[in-house]
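The next block holds one structure in the form of structure tokens; read it before the comments.
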Amino acid sequence: MDYNLISTLETCASYIQSGKEAGIIDLVLYSHIPTLIAALLAGFYIFLKNPKSTASQALLMLSFSFSLWTFFDFLIWTSTDSRIIMSSWSVLGFLNTAILLSALYLVAVFPKNKDIPLKFKALLLLPIVPIIAFAPTSLNLIGFDVMNCEATENSLYVNYYYLFSLVLFFIILGIVIAKYKRATNSSEKKQITLLGIGVTLFLLSFLLSGFLSSYFDFYLFEFYGLFGMTAFLVFLGYLVVRFKAFEVKLLGAQALVLALLLLIGVQFFYAKTTTDFILDAFTTLLVLVAGYFLIRSVAMEVKRKEELQKLSDNLAHANERLKELDTAKSEFISIASHQLRTPLTAIKGYLSLILEGSYGPVTPAIQDVLDKLYIVNNRLTQLVEDLLNVSRIEAGRIQYNFQPTHLEALAAELTDMFALNAKDKNLYLKMSLPKKTLPEMMVDPNKIKEVMQNIIDNALKYTPEGGVDLIVENGGDRARIIIKDTGIGIKPEDKEHLFQKFLRSKETTKMVVSGAGLGLYVGKSFVEAHGGKVWAESEGPGKGSRFIIELPFVNPKVKQGVSDQVSALAPQEDKKNS
Ligand code: ADP
């Protein structure tokens with residue numbers, strides 16, 4: 001150092017004394033000590049919890065450079081030795097820049113811990129060289145002002161590092177905004193916003209107060225600037241507690257107790273009498289004991305929460321696995337059914353040819369066997385079709401082909417189809433249609449036919465005597481199809497379950513009638529895809545059953561499907577035409 005320092009002990013001592021009397025020194029203590037301790041504690045605490053994280057390292061750098069700055073500033077205010085004052089003052093410019101650089105590093109790597117490239121680091125560090133190089137020279141501090149017990153700054157040096165700080169400040173703002181825009185989820189956005197506000201508040205108050213105090217030569221501003229750190233720590237605390245930022249599982253209670261201890265601890269600086277000391281010590285002890293219990297209870301709570309979280313994670317995992325198994329099962333059924341369908345169709349085809357006499361005359365005995373084979377084969381085909389439908393429904397792969405349809409035509413077709421069947425069983429099968437023809441409806445005729453076919457088939461299957469009525473009605477805004485039989489009826493408790501997969505009533509299973517309990521399940525799904533409803537009614541066992549299907553004339557679900565289909569068809573037709 002090339003200062004010609006004289007001993008100014010006396011002048012400075014009287015200056016400090018006057019400061020004490022004016023209460024300025026109290027303000028120095030109050031603004032510097034707790035902020036310094038809090039910044040260091042926060043920085044080290046977060047760093048030690050996760051030393052490998054780049055963000056924790058950046059935060060430690062920030063808290064360390066800030067604490068050093070505060071420490072040297074504190075020395076300047078309280079020391080009476082011009083050498084201590086001058087050497088402390090000379091490093092402030094460098095520390096000021098270090099604070100900004102660490103803040104920049106922090107916002108750049110937060111929250112993803114991705115380091116910045118080396119060349120950027122070098123580019124940022126380059127302008128700091130003159131600040132370090134000229135710190136101990138008269139280019140930084142010109143001399144010592146004995147009257148005010150302070151250094152005389154060289155405005156060139158001060159302006160240089162303030163300008164650099166300002167540039168860094170705007171880079172920081174730019175990074176925060178860019179990161180906010182690029183953030184992919186709302187939690188990341190919130191974290192960046194909170195850190196951005198905290199850092200900006202801190203830097204603004206720190207820089208502005210430093211600049212104003214240098215500019216006006218009025219250093220009281222500086223004290224207030226330090227409180228920006230407290231604001232930053234509040235945001236930091238919130239980030240850690242609420243978002244588990246910096247990967248620290250800090251408990252809110254721990255932070256609270258620490259802050260309380262800090263606040264009470266500071267009072268020791270003001271204690272003037274023994275009573276003050278005893279009171280302070282007592283309150284500190286009280287907070288310590290209460291804090292211990294508080295932290296312990298919160299720790300237990302947190303542990304319980306973590307265990308619960310683990311359990312629910314495991315459950316979610318198991319659920320996921322179950323879903324996978326279910327999909328695998330559906331796929332298996334689908335593949336197996338597809339493989340079964342082809343040979344069954346071949347069998348049906350050959351049986352028809354033999355029965356028609358294409359392979360020569362058929363004796364009555366063989367004809368009887370072939371008839372039975374034909375029926376059994378049909379049942380098997382239906383079962384495979386049902387299984388395929390179930391697997392399609394569960395995989396959400398059912399496709400509907402909506403087209404203008406007359407329900408009366410479907411009913412007539414089915415009555416014809418089942419006429420022989422009913423006659424064989426000595427049952428009547430009567431159809432009744434509305435007097436006024438129903439409007440044409442947008443439905444998938446094959447699916448609706450399948451639903452009606454299954455219900456009519458059931459009605460004939462579960463009716464030993466009497467018969468079946470197939471009624472089509474106009475229900476106002478909907479068509480109603482009723483299939484009424486005089487059969488075995490349904491117990492009240494069975495009514496709701498019939499539409500579930502694989503469910504058959506006990507009575508039915510006793511009757512030794514074939515069936516897997518899938519038809520109604522599949523039918524319900526088909527009807528609901530048309531925006532309709534299907535349900536069963538019965539007075540009880542032995543009193544016959546009624547199955548009712550309701551289909552709205554105009555249905556939004558169906559409309560959507562239709563317009564999709566129409567628009568999908570349109571371009572192809574255009575192509576054909578052109
Ligand atoms: P299934 O192939 O067993 O007929 P469905 O899903 O079509 O399967 O029907 C489920 C169950 O509903 C039947 O097993 C039977 O118990 C009952 N059921 C269906 N229709 C009637 C009816 N008309 N009378 C009495 N019970 C019926």
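Laid out as a table, the results:
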item: Eligible lysines near Lys506 by straight Cα distance, threshold 20 Å, same-chain separation 8 or greater; result: Lys461, Lys491, Lys495, Lys543
item: DSSP-defined antiparallel bridges as percent of all bridges, the chain, nearest 5; result: 85 percent
item: Positive minus negative residues near Leu380 (Lys, Arg vs Asp, Glu; Cβ under 13 Å); result: +2
item: Mean accessible surface per residue for the chain, computed with a 1.4 Å probe while every protein chain stays in place, in Å²; result: 56 Å²
item: Radius 12 Å from Cβ of Ser214, net charge of other residues (Lys, Arg +1; Asp, Glu -1); result: -4
item: Cα centroid of the range 22-43 to Cα centroid of the range 177-204, whole Å; result: 27 Å
item: Sum of side-chain charges, Leu288 neighbourhood, beta-carbon under 15 Å (Lys, Arg +1; Asp, Glu -1); result: 0
item: Stokes-Einstein translational diffusion, the range 93-209 - Kirkwood Rh over all Cα pairs, 1.306 mPa s, 10 °C, in µm²/s; result: 101 µm²/s
item: Of every Cα-Cα pair in the range 331-479, the percent that sits beyond 22 Å; result: 57 percent
item: Between helix 274-355 and the chain: long-axis angle, C-alpha atoms, 0 to 90°, nearest 10; result: 30 degrees
item: Computed over the chain, Kirkwood Rh from alpha-carbon pairs, angstrom; result: 32.7 Å
item: Heavy-atom accessible area ranking, 1.4 Å probe, most first, across Leu340, Leu36; result: Leu340, Leu36
item: Mean Cβ neighbour count within 10 Å, used as a protection proxy, ranking 182-194, 382-394 highest first; result: 382-394, 182-194
item: Global geometry of the range 388-430, whether rounded, prolate or oblate, following the gyration tensor of its Cα atoms and the 1.5 cut on a/c; result: oblate
item: Percent carbon-and-sulfur accessible area, the chain, ignoring ligands, DNA and RNA, probe 1.4 Å; result: 64 percent
item: The range 307-361: GluC sites (Glu not before Pro) in DSSP coil with no more than 14 other Cβ atoms inside 10 Å; result: Glu356
item: Nearest-20 debye value, the range 80-226 charge dipole, Cβ charges on Lys, Arg, Asp, Glu; result: 1120 debye
item: Solvent-accessible area of Lys49 with every protein chain in place, 1.4 Å probe, in Å² to the nearest 10; result: 110 Å²
item: Selection of chymotrypsin sites (Phe, Trp or Tyr not before Pro), the range 459-532, meeting DSSP coil and at most 12 other Cβ within 10 Å; result: Phe502
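The values are calculated or read from the model by the stated rules, or taken from the named source; none is laboratory data. Predicted, not measured: the structure shown is a model, and the values here were computed from it. With ideal geometry, Cβ positions are generated from the backbone for all residues, glycine too; neighbour counts draw on all protein chains shown. Accessible surface is based on the protein model in full, side chains and every heavy atom, while ligands, DNA and RNA are left aside. Shrake-Rupley method; radii C 1.70, N 1.55, O 1.52, S 1.80 Å.
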